[in-house]
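One structure below.
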Amino acid sequence: MKALSLILAALAIPTFSTQAADNAGVMESYFPTADGTLRTGAQVRAVPDVESLKEPIRKVNERINQIPQEDKLAFIEDFNAMQRPAYSAAIWPDRKDYDEFVAAWEKTQVVPVTQVAMGLQKTDDGTWRVLSVTVDAQTRRQIPLTVSALRYDAAKNEWISNDGRLTPKDFSAPDTSIYGAQTGTEWTLKKESPLSTLVTSLRVSRTTDGKYVYLAYVFDERSTVTGNSIAHGDYLLRFPVPTPGANVGKPGQR
């Protein structure tokens, strides 16, 4: 924590552009730009209550291969997306079993993994770069996040990587999401070659209660021959939104 604080102090030296004309497009509403500050937060992950879910999941597994494929796929899609699966009479003939599943599901906690800090800085070519820092879990050294390799073109609302441009689409998550209801933008690049398929995505969103900003980054490259992973990296970051005179809470669910 002390080491990261020292880095934050160094990064807080006025390196940000203060020209009123500078505008970071949609990113303006998520991260500081021209005021010389960084937003501190944490890499987070969802931790389910395994003991509470054990019995409800056992009951689901007993029925999952006996139900229509449509119901099965809907359950799997929601579950993998960390969204509470909707009630299905095919999976839970007894509604009481679904209520027990929901009660166990809602014990999932969103917990911090490591502290991070992030902001935006205007570059000489007019794009924006991400200023970021975190602490490596193994070496305990301060390092930038991999998202700092990208550049943001505010005029086109696209992120630029060494592999090409990430194009935007609207993003939303319902209130059944472990991370809370959110709206934002997700930028994606998919690049295919005879040898591999590369997918890069960056998502920035704000919870509808106004408490948090989330940033999700994924880099995935797979062999088109074997389907095996060549390179993969992903993380989810959460930043409390400062609210004067209000307590925005501490790490935990939503």
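The values are calculated or read from the model by the stated rules, or taken from the named source; none is laboratory data. Since we're looking at a predicted model, the values are computed, not measured. With ideal geometry, Cβ positions are generated from the backbone for all residues, glycine too; neighbour counts draw on all protein chains shown.
Restricting to the stretch 32-73, give me the number of residues that are surrounded by 17 or more Cβ atoms within 10 Å (Cβ to Cβ), of a type outside the set (D, E, K, R) and assigned to a helix (DSSP H, G or I).
Residues flagged as surrounded by 17 or more Cβ atoms within 10 Å (Cβ to Cβ), of a type outside the set (D, E, K, R) and assigned to a helix (DSSP H, G or I) within the stretch 32-73 amount to 5.
Test T134 against the criterion of being of a type in the set (S, T, N, Q), assigned to a loop (DSSP other than H, G, I, E, B) and either farther than 17 Å from T40 by Cα or at pLDDT 90 or above (or both), and give yes or no.
Details: of a type in the set (S, T, N, Q): yes; assigned to a loop (DSSP other than H, G, I, E, B): no; either farther than 17 Å from T40 by Cα or at pLDDT 90 or above (or both): yes.
In short, no.
If I go through the stretch 76-101 residue by residue, how many of them are modelled with pLDDT under 90, crowded, with 16+ Cβ neighbours inside 10 Å and assigned to a helix (DSSP H, G or I)?
Count: 1.
Take A155 and tell me if it is small (G, A, S) and touching a strand residue (DSSP E or B) at 6+ places or on another chain (Cβ under 9 Å).
In short, no.
Considering only the stretch 143-166, I want to know if a residue exists there that is surrounded by fewer than 16 Cβ atoms within 10 Å (Cβ to Cβ), polar (S, T, N, Q) and in a strand (DSSP E or B).
No, the stretch 143-166 has no match at all.
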